[in-house]
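The values are calculated or read from the model by the stated rules, or taken from the named source; none is laboratory data. These numbers come from a predicted model, not from an experiment. Neighbour counts are summed over all protein chains in view; Cβ atoms, including those assigned to glycine, are modelled from backbone coordinates with ideal geometry.
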Amino acid sequence: VRTRRDLLRSGLSTAALCALPRCSSWRAPRGTGASGRPRYFCSILLTGGIDPVCTLDPKTRAEVEPWVDIPYTTQDILSWGDLALGPHLSPLSALSNGQQPTTPIALVRGVRVETGNHRTGEAQFIRLRTQISEQMPLFFDLIGAHRDTQPLASIVFGDSEFSSGWFGGEIFPRLDRTPSAQLEAMAAALRAQARTLKRPSATHEELSTAAHLESCAALFERLPSVPPFKVDPSWPPNSEDLQRTLWAFENDLTASLFLSEGNWDTHVRNTSGQAYYSRQYMPGLARFISELSVRRNRFGLLSDTLVLMAGSEIGRLPRLNEFEGKDHFPEAPYLFAGRAINTNGQRNAAYGQTGRSLAALPISLKSGQPRTNGHSLMLDDVGATLLRLFGIDPIPYGYDGQILEFLLA
Amino acid sequence: MNTCPRWLCSFMLAGAVLAAGCARKEPALRAPPMRAVEVDLSILATGGIHRSVTTKSTEAFIDSLLEQPDFANKVAPLLLFGEMTKRSPNTPGPGFTLETNREGVLFLREPCSLQEAVQVHPWWDLAATVRVCPDSYQPTRLKDPRGNYCGSVISSPDESSFCGCGPNLAFCYVDGDHRRQVVASMQDELVKTVASFVTRDLPLRTLFTSRETVRDANAELLYLRSRIINGEPVEAVELSTWPKDGKLAARHEAIGGQHAGVLTTPQLLYFRDNPRDRLQMFYERLWCSGPPHHGKVTADVVLGLGTGNVRVGNSNDRVHSWKELAARPVCTGCHARMDYGAQFFAGYREVRVAPFFVTNEVVPGKGPLYHHDIEDPRGEGRLTPLGFAELALAQPEFGRCMVQEVAQHVFADRATPADLLALRESFETEGTLRAMMRVALRRYAARLALPPPVTSRTAALGELLEQHCGECHADGARAFLSAAWDRPLLLKMLTQVSFGTMPKNDSLSPEERARLVDALAVAAFPDSAVRALASGYFQDRLRSLPAHSLPALLRIARGDDAGREGRLGPSRHLIAVPPDLMQLSPGVAAILATEAAASCSDSKEEGLERCLAKRLSWRTLVYARGAED
């Protein structure tokens, strides 16, 4: 006998199941152009805490309090269209100043994450909200539960919390080596297991498990027809995961992907440490963004169908410590890319602003620009806004942040 | 024998009093267990399927499983220390790696000629002689003029020309492989020490207070370095006689209380790379107290400190700043616990600065320990690791945490208050891991033999809130029982109750929590379609069936019934997933499918299809669910 609660429960479980290719083929593909909702979400965690003044929120000496560390001159600040970028982001600056079509980029500065702890910050970043618990599903799980024909809800590169929809990027190399016949046999075995789970009296956990087994089987069935992944040596170093990411989206294998890179946690010798990790990873990130406006699949250009979010779990304290390092700060800037992000018709845009002590200033939710008695930007606002961007009502999932209208194209 | 009627136990969640009554008696277990239950019990107790263990009763079956070496050697270390038993520390193998030139001369920076080289008896074979470049030797240099200790990252050959490898090359490894061997020995010391204590059925407390560990010569070297730094003659230690597989031995102490069981093994001391992270990890292991995810750290709070120097240390200005941080509103929620706790380990500085115990860094006298914040003192103790351990183990959080670890391992996310109570009693009376596991497995087996409890889902929100939240929220600043429950408040309550943050005392059974979440969802989302979405998220948490630990799953997929400890592969980080979160996700399914396919292809006994069906049977991979299995 199905109870009232079982009926209530069936809502999302059914949604998750029907997001699988087998039962969702009747639905029109989404995200097929600039006017549609995005189809893919890619989140890149620049682990440890990039220094905002060196990267996404550069300042001149005159713009800040005397005790704020600005480890460069005004001339070192990079021009990026109408905007400015920190000296550690020269690869990004070069990208946007080129002549080729580009993916719109928006910077959002001064987002409150309300923690100075890496682990809490990372747990928040993968949920795009504060006040979290490790039992709480991840943001990717939500995007994945509403996906279209992609076999996987999410792919994760690097260490991240485990969740019900977890699929590690490190699994792909072993799948690359698996013969098609074996993939087929594995898929059949998983589908057979899923069938035994999907009995009339199945609980939501059993149905969810069946969905995961079918999701994995669908991937195995898809892979033989997918062009094999090859590392392109023309890319900058440390970019294999980024290349694999593009391959996964190009071949419509997942709805969302999380990737963590580097270790910008520079408690000792901040300037050289930040520069080192930015040299290691920013060229790859810039190349990744440039490829979005070139790579396509049957749903369109990735720049039209994908939303990228990149940034750190925490910020860096504006003061130097005794080791010439910078400790933790509970605010951070973020980069967003993709046609679905509003840049006011320009190649790029910046929203949010920090003041003389590098603390965030209140802003208008409409324009994203500073406003007296305006709104203090929170990570929760980013989460709620991105869900809205993907056509998902944030409230039933407890995402009660403000909608950042300025980000919505 | 059991005096609690089975029908009553099946309804034990109807009331805490009844549940507590049942908890004190072991449920009846007369009939032989079903096979699926046996398989499940075997996986939980030994990490694999022990088909050779057969007995007539479930009690005897469980006892036999807990006598298997796999329980002490494999399950216990993983249960108590998770990823720390399988992963390298952030800065693996503190020390420098030597290179060898064509003439066989060892060097750190630049090679030198055979004529320039000096002869040394290396720590890894004191009977042998090796040749080393003079700048790479430097036996008398232990600390540079800036106070940085040789052998630390901050004085590494890349950073400074001052240090060499020290007496008998004690700060160095002959090559990368040698370094990896030492890293493996660090992990082995933790795993084998846990196994030794569990095998001997010693109380869990002793694991955190003993001077003894099981270690090989490589691990002993890391202790030897502390003695060198503290000025003791290296000749006093003879590593060549140390047994290859290690031995149980007491560790040398420069001061009384230097060692606190496994807490002062290099694997745990340096698993994370700074004193605060170290303490955070200790509190997670001992008290199950992770970083609070509900703070509200603002820029004003941080900038208000007025300094960039907020690191833990003992100079006057440092002491002032960390004490300020530990007492500051918001910050105190983490820093009172971490920073005062770090004082007990002052002799063990962070791995980058000094990967040794340095006697003159020890803070003299006694100091306080805090839990939740600066308003929550937990007594004072001598400022040594042992002083810390004795204080920490005396707190109720220690027992609660050990109970939680065992409960999560055996019940995943389905432990009831009665289970916790029974485990707590076992901890208080016997205090050993085997005794607690015995209680948990018996309760688990008994539950599987019963139909699932039937409870009414509908209840008035007001009544439920009063019943479960009234103790803290009836009046005062946090009162909400008589307030108007608007959407934001309901969402906050829903979030905190659904994901286990509230109520704070683990007093809700899974069924009670589900009922409260249902009532909150009904109030927050009057629209049934929206409520269906919310229920999937808050009630079901998008979860699938709880699965066994990664090592156990791999053994099943590879067809290794028991005994063999296979490689974990590239997804070894899944070892860190807590048992209550581990599920059969698409990625886990993919890993198991590839492992099973590889193993089945090698096996000539049965066809691929049949073999995969057996190895990938979800019934074996997930926790058994009840009588229907």
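Applying the criterion of being under 16 Å from A:Val111 (Cβ atoms) and more than 10 Å from chain B (Cβ to nearest Cβ) to the residues of segment A:345-358, the residue that is surrounded by the fewest Cβ atoms within 10 Å (Cβ to Cβ) is A:Gln353. Does B:Tyr173 count as touching a Leu at 6+ places or on another chain (Cβ under 7 Å), modelled with pLDDT under 95 and aromatic (Phe, Trp, Tyr)? Answer is yes for this residue. If the condition is being closer than 23 Å to B:Phe344 by Cβ, buried (at least 20 other Cβ atoms within 10 Å of the Cβ) and either in contact with a strand residue (DSSP E or B) (Cβ under 7 Å, 6 or more places away or on another chain) or aromatic (Phe, Trp, Tyr) (or both), then segment B:393-424 contributes only B:Phe398. A:Arg244 passes every criterion in (1) at pLDDT 95 or above; (2) within 11 Å of another protein chain (Cβ to nearest Cβ) apart from (2). Looking across segment A:237-270 at every residue that is among the polar types (S, T, N, Q) and surrounded by fewer than 20 Cβ atoms within 10 Å (Cβ to Cβ), the one that is nearest to B:Glu159 (Cα to Cα) is identified as A:Asn263.
Quick one: is A:Arg174 among the charged types (D, E, K, R), buried (at least 16 other Cβ atoms within 10 Å of the Cβ) and at pLDDT below 95?
Values: among the charged types (D, E, K, R): yes; buried (at least 16 other Cβ atoms within 10 Å of the Cβ): yes; at pLDDT below 95: yes.
Yes; evaluated as a whole, the condition is true for this residue.
When A:Gln280 is tested against (1) outside any strand (DSSP E or B); (2) at pLDDT 95 or above; (3) touching a helix residue (DSSP H, G or I) at 6+ places or on another chain (Cβ under 6 Å), exactly one condition is not met: (3). Residues considered: B:Ser599, B:Ser603, B:Ser571. Of these, the only one that is at pLDDT below 85 and more than 7 Å from chain A (Cβ to nearest Cβ) is B:Ser603.
Scanning segment B:582-606 for residues that are over 21 Å from A:Ala187 (Cβ atoms) and free of Cβ contacts under 8 Å to residues at least 12 places away in the same chain gives B:Lys604, B:Glu605. Residues of segment B:575-590 that are facing another protein chain (nearest Cβ under 7 Å) and out of contact with any strand residue (DSSP E or B) (no Cβ under 8 Å at 6 or more places or on another chain): B:Val577, B:Leu581, B:Ser585, B:Ala589, B:Ala590. For residues that are farther than 26 Å from B:Phe398 by Cβ and among the hydrophobic types (A, V, I, L, M, F, W, C), scanning just segment B:354-369, find the one that is surrounded by the most Cβ atoms within 10 Å (Cβ to Cβ). Among them, the one singled out is B:Phe356. Examine segment A:289-310 for a residue that is closer than 21 Å to B:Arg352 by Cβ, under 20 Å from the mean Cα position of the chain (by Cα), surrounded by fewer than 21 Cβ atoms within 10 Å (Cβ to Cβ) and away from every other protein chain (no Cβ under 14 Å), and state whether such a residue exists. The answer is no; no qualifying residue exists.
Just to be sure before I move on: is A:Leu285 of a type in the set (A, V, I, L, M), in a strand (DSSP E or B) and either in contact with a Phe, Trp or Tyr (Cβ under 9 Å, 6 or more places away or on another chain) or closer than 26 Å to A:Asn263 by Cβ (or both) in the structure I sent? Talk me through it step by step, then tell me what you get.
Details: of a type in the set (A, V, I, L, M): yes; in a strand (DSSP E or B): no; either in contact with a Phe, Trp or Tyr (Cβ under 9 Å, 6 or more places away or on another chain) or closer than 26 Å to A:Asn263 by Cβ (or both): yes.
No: the conditions fail for A:Leu285.
Restricting segment A:362-409 to residues that are at positive phi and in contact with a Leu (Cβ under 9 Å, 6 or more places away or on another chain) leaves a set whose member that is modelled with the lowest pLDDT is A:Gly398.
Those residues that are within 13 Å of another protein chain (Cβ to nearest Cβ) and either touching a residue at least 60 places away in the same chain (Cβ under 8 Å) or of a type in the set (Gly, Ala, Ser) (or both), I need them from segment A:359-382; list them, please. Walk me through how you get there before you give the answer.
At the first step, the residues of segment A:359-382 found to be within 13 Å of another protein chain (Cβ to nearest Cβ) are A:359-362, A:376-380.
Selection gives A:Ala359, A:Ala360, A:Leu361, A:Ser376, A:Leu377, A:Met378, A:Leu379, A:Asp380.
If you filter segment B:285-304 down to residues that are assigned to a loop (DSSP other than H, G, I, E, B) and more than 9 Å from every other protein chain (Cβ to nearest Cβ), you find that the one that is modelled with the highest pLDDT is B:Cys288.
With respect to the conditions (1) in contact with a Pro (Cβ under 8 Å, 6 or more places away or on another chain); (2) surrounded by fewer than 21 Cβ atoms within 10 Å (Cβ to Cβ); (3) assigned to a helix (DSSP H, G or I), B:Arg378 lacks only one, and its number is (3).
Looking for whichever is β-branched (Val, Ile, Thr), more than 27 Å from B:Pro396 (Cα to Cα) and either within 14 Å of chain A (Cβ to nearest Cβ) or not in a loop (DSSP other than H, G, I, E, B) (or both) here; the options are B:Val262, B:Val330, B:Val351. Which one fits? Lay out the reasoning, then the answer.
Numbers: B:Val262 fails: more than 27 Å from B:Pro396 (Cα to Cα); B:Val330 fails: more than 27 Å from B:Pro396 (Cα to Cα).
Being β-branched (Val, Ile, Thr), more than 27 Å from B:Pro396 (Cα to Cα) and either within 14 Å of chain A (Cβ to nearest Cβ) or not in a loop (DSSP other than H, G, I, E, B) (or both) holds for just one of B:Val262, B:Val330, B:Val351, which is B:Val351.
Can you find even one residue in segment B:170-179 that is part of a helix (DSSP H, G or I), without any contact (Cβ under 8 Å) to a residue 40 or more places away in the chain and buried (at least 22 other Cβ atoms within 10 Å of the Cβ)?
Going through segment B:170-179, the residues part of a helix (DSSP H, G or I) turn out to be B:176-179.
Cutting the leftovers down to without any contact (Cβ under 8 Å) to a residue 40 or more places away in the chain gives us B:177.
In the following step, the residues that additionally are buried (at least 22 other Cβ atoms within 10 Å of the Cβ) were identified as none.
No: segment B:170-179 contains no residue that is part of a helix (DSSP H, G or I), without any contact (Cβ under 8 Å) to a residue 40 or more places away in the chain and buried (at least 22 other Cβ atoms within 10 Å of the Cβ).
Can you find a residue in segment B:244-254 that is surrounded by fewer than 21 Cβ atoms within 10 Å (Cβ to Cβ), without any contact (Cβ under 8 Å) to a residue 40 or more places away in the chain and closer than 22 Å to B:Phe388 by Cβ? Yes, that holds for at least one residue. In segment A:383-409, of all residues being within 12 Å of chain B (Cβ to nearest Cβ) and among the β-branched types (Val, Ile, Thr), the one that is farthest from A:Asp82 (Cα to Cα) corresponds to A:Ile395. Taken over segment A:315-344, the criterion of being more than 8 Å from chain B (Cβ to nearest Cβ), closer than 16 Å to A:Cys54 by Cβ and without any contact (Cβ under 8 Å) to a residue 60 or more places away in the chain is satisfied by A:Glu324, A:Gly325. Say whether the condition of being among the hydrophobic types (A, V, I, L, M, F, W, C) and either buried (at least 22 other Cβ atoms within 10 Å of the Cβ) or assigned to a helix (DSSP H, G or I) (or both) is met by at least one residue in segment A:56-70. Yes - at least one qualifying residue is present in segment A:56-70.
Between B:Ser549, B:Ser544, B:Ser528, B:Ser509, the distinction of being at the interface with chain A (Cβ under 9 Å from one of its Cβ atoms) and either in contact (Cβ under 8 Å) with a residue 24 or more places away in the chain or in contact with a Pro (Cβ under 6 Å, 6 or more places away or on another chain) (or both) belongs to B:Ser544 only.
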